[in-house]
1. Sort out which residues of segment 166-214 are within 11 Å of ligand 2 (Cβ to nearest atom) and closer than 30 Å to His369 by Cα, and write them in order of number.
2. Filter segment 298-351 for residues that are at positive phi, crowded, with 17+ Cβ neighbours inside 10 Å and part of a loop (DSSP other than H, G, I, E, B) and give the result.
3. Scan the strands (runs of 3 or more DSSP E) fully inside segment 73-147 and keep the ones with 2 or more residues being in contact (Cβ under 8 Å) with a residue 12 or more places away in the chain and closer than 22 Å to Leu240 by Cα.
4. Residues in segment 186-207 that are open to solvent by less than 30 Å² (accessible area, probe 1.4 Å) and within 21 Å of Ala242 (Cα to Cα): how many?
5. Residues of segment 8-43 being touching a helix residue (DSSP H, G or I) at 6+ places or on another chain (Cβ under 9 Å) and either assigned to a helix (DSSP H, G or I) or of a type in the set (Asp, Glu) (or both), which ones?
6. Would you call Glu366 in a loop (DSSP other than H, G, I, E, B) and either modelled with pLDDT of 95 or more or out of contact with any His (no Cβ under 8 Å at 6 or more places or on another chain) (or both)?
7. In segment 179-202, is there at least one residue being under 30 Å from Asn377 (Cα atoms) and modelled with pLDDT of 95 or more?
8. Do we find a residue being more than 21 Å from the chain's Cα centre (by Cα) and part of a loop (DSSP other than H, G, I, E, B) anywhere in segment 352-362?
Amino acid sequence: MLSPEENSMLTRVGPGTPAGGFLRCYWQPAALSEDFPTGGAPQPVRLLGEDLVLFRDEEGQPGLLGIHCAHRGADLSYGRIEAGGLRCIYHGWLYDVDGRCVEQPGEPVGSTFHERIRQRSYPCLDVGGLILCYMGLGEPPLLPAYEFLAVPPDQARTSKVLQECNYQQGGEGNIDPVHHSFLHLRFGRSEDDRMSFYGQDPTPTIDPEETDFGVRVYAVRRLAEGRNYVKITNFILPSLYAVTGDANGYSINWHVPIDDVTHWKYQVVFRRNSAPPRRDGGSRSATGYLAVRNRGNRYMQDRDEMKAKTFSGLGMDFQAEDGCVTEGSGPIQDRAKENAAYTDRAIVAARAVLLRGIRAVQSGAEAPHVVREPALNHFPNIGAAKDVIPSEIPWRGYWENETALRENLIAHV
Ligand code: FES
Ligand SMILES: [Fe+2]
C-alpha cells in the first residue's frame, strides 16, 4: 500500500512530474528499428506524455523532434524526408536530426533567422533492434552495456505490445512470483514438467535482495525429494525486468510509458549461442501492436478451457494473461486501496528503490544505475535464471556471478 502522494509520484510521467524527471534520466526505447527503414515515412510517437515525430534522415540517422513545427505548429509527421533532414510541408522549414533549422526557404535571401530557431530534439541511438532516445537534461549518460543490446541481430528477437494501463502496473507483474501458481497455471502437466512446479508449491518463499541495478528476486518452491525449484528475476532501473532465462540467455520486458495510462511493453529475447525461439504468434494483431486478446474482446476468455486446461481460460497466452490482470486494475491502479501481502515483497522492495531514486533526482542527485564511467559500464550480475537444486544449498550464493551463473546452469539444467 502506498499513500496517494507516493502512488502519484510513481505513476505520473509527463514533463515536470517526479517520475517523469526520473525516467528521463535513462535511455528509453522510442520505437522498434524495423518500423523505421531508411527512406520510410516519419511517424508520430508519443512518449512520456510528449508528442514527438520520429524519422530517419537520408543517411539513416534517427531523429526525434517535437511534433509541432517551431514556425506555426504544423504536424511534422506529415513532413518530407529530404537531404539534410525533415522538411515541414506548410512553409518548407527544414530540420536536421539535432533540431537545428537549416533552411527557411520563404525568408528573404540572406536572412539568418533560421540560426535562432531550435526545434525540441532528443538524441537517438540505433541499438539491438531498438531506436533508443534520451529525453533528459544535460549530457546523456552512457548507453548501458546490456548483453541483450549487444548480441548479433540473429541472436535476439525484439517486439512490442500495447498495454492499456500505467507502466508501473505492467512492470510490477514481472516480480510477482506467486501469480505463476494461479494466473499462468496449466492443468494436467506431469510432475517433472517445469510448468507443474508452480502448481506443486503455490506458497513460494519470496526473497528480494537489493542490488546496484535494482532488485534481484529469488522465488523458491519446495518440490518432492528434498529439492527446491529456484527462479531468479531482476528488476532493473528504471523499468526493465529480466524475467526468465537459462545458460543461453534471458528475456527482458521493458515497460515504457506512452503517457500516464498507456505504455509499450518491449520484449527482447536473446540467446548467447544460437537463434532465439520463434515468436509464438499469439500477441500481435494484424493491425498493429494491440494484442489479439485485448481488453476490447475481454481477452477471449474461455470458460470451458477454465474447467479442463487452464486456471484463467486465456488460451495459454502469457501476454493475454498478464494483460488481463494488469490492465484490469484500471488506467492507474489506486495503490492506496490495495492490501499488499507477503507475496508482494519483491514489488514492495522495488517501489522503495524507485521512490528513493525519484526523490534523489528531485533533490538534484544523479539517478541510480546511471553510468557515466566506461569502466563501470558492465553488468555481469544482471540476468534471469531457474534451476532445481537440493534444498540444503542456499539459494543466495548459488548464482554468485555471471560465470558461476553460466557454469551452474550448464551443470544442472
Ligand atoms: S509551420 Fe512548419 S514551416 Fe511553417
Ligand atoms: Fe505473468
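1. Gly170, Glu172, Gly173, Asn174, Ile175, Asp176, Pro177, Val178, His179, His180
2. Of everything in segment 298-351, those that are at positive phi, crowded, with 17+ Cβ neighbours inside 10 Å and part of a loop (DSSP other than H, G, I, E, B) turn out to be Gly313, Gly315.
3. 124-127, 130-134
4. Going through segment 186-207 one residue at a time, the tally reaches 5.
5. Scanning segment 8-43 gives Ser8, Met9, Leu10, Thr11, Pro18, Ala19, Gly21, Phe22, Leu23.
6. Yes; evaluated as a whole, the condition is true for this residue.
7. Restricting attention to segment 179-202, the residues satisfying the condition of being under 30 Å from Asn377 (Cα atoms) are none.
Within segment 179-202, not a single residue is under 30 Å from Asn377 (Cα atoms) and modelled with pLDDT of 95 or more.
8. Start the filter on segment 352-362 by keeping residues that are more than 21 Å from the chain's Cα centre (by Cα), which leaves 359-360, 362.
Still in the running and part of a loop (DSSP other than H, G, I, E, B): none.
No: zero hits.
The values are calculated or read from the model by the stated rules, or taken from the named source; none is laboratory data. The structure displayed is predicted, hence computed values, not measured ones. Neighbour counts run over all protein chains shown; Cβ positions are idealised from the backbone, glycine included. These area figures cover heavy atoms from the full protein model, side chains too; ligands, DNA and RNA do not enter into them. Shrake-Rupley method; radii C 1.70, N 1.55, O 1.52, S 1.80 Å.
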